[in-house]
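The values are calculated or read from the model by the stated rules, or taken from the named source; none is laboratory data. Since this is a predicted model, take the numbers as computed values, not measurements. All Cβ positions, even for glycine, are placed from backbone atoms using ideal geometry, and neighbour counts span all protein chains on display.
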Amino acid sequence: MRTTNLGLARTIAAHLTHESERMMRRENGEMLSAEQTKAMLTSVARAHLAKLDRVAALEIADGVTAGEGKRSDLVMAWVKRLQAARGLKWTPEIGPNVKV
């Protein structure tokens, strides 16, 4: 993945895993060659890195600090974990005693 940033590596790995699982579930059962698979996963990783760069640029333009961005990423990661555990229709409940 060519990064020393653990958080970034985890994000890219999750997207690569998703894409590789999608490839494995192809309806026609046709297998991709190693070259095709590598090209597809490389494309996914590059596209996701470009997306992360765009998000970072927007956050900087909006005055979001690096710490605020990391906190937001952490919150979204927990939401996604909870959705994975409880189903996609689950939504967080924010009550009067919850700090956001």
Seminar exercise, completed: Counting only residues that are basic (Lys, Arg), at pLDDT 80 or above and more than 19 Å from residue 81 (Cα to Cα), region 2-58 contains a total of 4
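One line per residue, one yes/no per condition, for (1) in a helix (DSSP H, G or I); (2) touching a residue at least 12 places away in the same chain (Cβ under 8 Å); (3) not polar (S, T, N, Q):
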| site | (1), (2), (3) |
| --- | --- |
| 36 | yes, no, no |
| 39 | yes, no, yes |
| 51 | yes, no, yes |
| 54 | yes, no, yes |
| 67 | yes, no, yes |
| 71 | yes, no, yes |
| 78 | yes, no, yes |
| 84 | yes, no, yes |
| 90 | no, no, yes |
Problem set entry | Conditions (1) farther than 22 Å from residue 5 by Cβ; (2) of a type in the set (Ser, Thr, Tyr); (3) surrounded by 11 or more Cβ atoms within 10 Å (Cβ to Cβ): number failed by residue 33 | (3)
Problem set entry | Residue ID - farthest from residue 6 (Cα to Cα), chosen from residues in region 54-100 that are surrounded by 10 or more Cβ atoms within 10 Å (Cβ to Cβ) and of a type in the set (Asp, Glu) | 59
For this session: Determine whether residue 31 is part of a loop (DSSP other than H, G, I, E, B) and under 22 Å from residue 15 (Cα atoms).
Result: yes
